[in-house]
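The structure appears right after this line, and notes come after that.
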Amino acid sequence: MGLSSLGWANEPRIAVSKSPLSLPFFVAAEKNLFAKHKVEPVLIECLGGNRCVKELTEGRVDMATSSELPFMFAVFQGKPISLVTTFNTNKDDMKFLIRKAAVKGGVKDLAGKRIGYVEKASSHYYMDLFLLYNGIDPKSTVPVAMGADALANALVKGEVDAISVWEPWGHIALELGGADVAVIDTPKLYSQTFNLLVSNEYRLAQTRKSIAVLGALDEAIQFIKKNPDEAKRILARDVGIDLETVKAAWSTYQYELTLQQSLLTTVQGQARWARREGHVGSALAEPEFLNFIDSSLLRKIKPNAVDFVYP
């Protein structure tokens, strides 16, 4: 998934998660909205925001799409990055699936079971939230870390008994497993955001192009709102899921460029979870996350989209 980089110099390389949450990028590329805003990025597909952030922090791309959790871990490591906008909010992207044969007695049977998850990604956080909500100590289970793209097959083959995963992998697991696999319904445990992160080096050196990317995404979101049927077809094609599944989940996707107070609150809560569960060094002080959120770019195009005193 890429665009020619012949038009302008110093074009951003953007790691884009292959997820329904990334739809504004797919639409902006399809409708030539990046070129309209005089920026011509190279979009590099990756499987999950955690992998996209790894591409960013290791210097192979200039921007990355991610949920707030990999951002939180990168900030703990002091990586020179900034979150410049949220472009999707969703309460139903995460799924917890089981192999029925392994969990015959209901959710309480998960104690002692193997649970596949993606380490230091939304899957990791959601797994713990789900277990705690259901009165199960996460330490009583057997967590099995793997890539998001491996989870569905691992569940179907019996290598794990349950998985915590985002779409489209939940849908894929249901397709592969058929009647042997089920989703455990649960209240919406947290509101996940999907965000654009930028290396500080690129953000400072190429401010105009960084703002142009936001402008193209904003126009893509307006297209999505005005042309939902075409947007659904683009999503189904670029993510690789059937159109009926897209239609069923469509109402859960809230595409909008924003920077909200709730983002900061969520990240701070996740930081406390990470320290409590030993996912970061207990001696590490909680970072000042505001220092890693830059609202100045978004304010240039949508000043009313920032509802907190971000720097």
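The values are calculated or read from the model by the stated rules, or taken from the named source; none is laboratory data. Being a predicted model, the structure only gives us computed values, none of them experimental. So basically every Cβ, Gly included, is an ideal-geometry build from the backbone, and we count neighbours across all protein chains shown. All accessible areas refer to the heavy atoms of the entire protein, side chains included, with ligands and DNA or RNA removed. Shrake-Rupley method; radii C 1.70, N 1.55, O 1.52, S 1.80 Å.
For the chain, the Cβ-based charge dipole about the Cα centre amounts to some 200 debye (Lys, Arg positive; Asp, Glu negative; other atoms uncharged). Taking the charge dipole of the chain about its Cα centre, with +1 at Lys and Arg Cβ atoms and -1 at Asp and Glu Cβ atoms, the residue from Ser140, Ala182, Cys52 reaching farthest to the positive side is Cys52. Ordered from highest to lowest accessible area with the whole protein assembly present and a 1.4 Å probe, Ile221, Ile301 read as Ile301, Ile221. Residues within the reach of a label modelled at Leu176 (point 7 angstrom out along Cα to beta-carbon, backbone nitrogen below 17 Å), restricted to the stretch 239-260, are 240-242. Adding -39500 (n - 2.57) for every DSSP H run of four residues or longer, then dividing by how many residues the chain holds, sets the calculated 222 nm ellipticity at -12000 deg cm²/dmol.
To put it simply, the accessible area of the chain at a 1.4 Å probe is 51 percent carbon and sulfur. Estimated at the nearest 10 Å², the accessible area of Ser19 is 0 Å² with a 1.4 Å probe. Summarising the amide proton neighbourhood of Cys46: residues at separation of 5 or more, or on other chains, whose placed amide H is nearer than 5 Å comprise Val16, Ser17, Lys18.
Exposure check, 1.4 Å probe, all protein chains in place: Leu297 carries approximately 10 Å² of accessible surface.
Using a probe of 1.4 Å, the accessible surface attributed to Leu110 totals some 0 Å² when neighbouring protein chains are kept in position. Heavy-atom accessible surface of the chain, averaged per residue, reaches 41 Å², computed with a 1.4 Å probe. Separation of the stretch 254-311 from the stretch 91-155 is 26 Å, based on Cα centroids.
Summarising the overall dimensions of the chain from its C-alpha atoms, the Rg and Dmax are 19.2, 60 angstrom. Grab the beta carbon distance between Val183 and Arg299, set R0 = 30 Å, and tell me the FRET efficiency rounded to 0.05. Step by step, r from the Cβ atoms, then E = 0.15. Excluding same-chain neighbours fewer than eight residues apart, the aspartates and glutamates reachable from Lys91 by a Cα-Cα span under 17 Å are Glu68, Asp128, Glu167, Asp185, Glu256.
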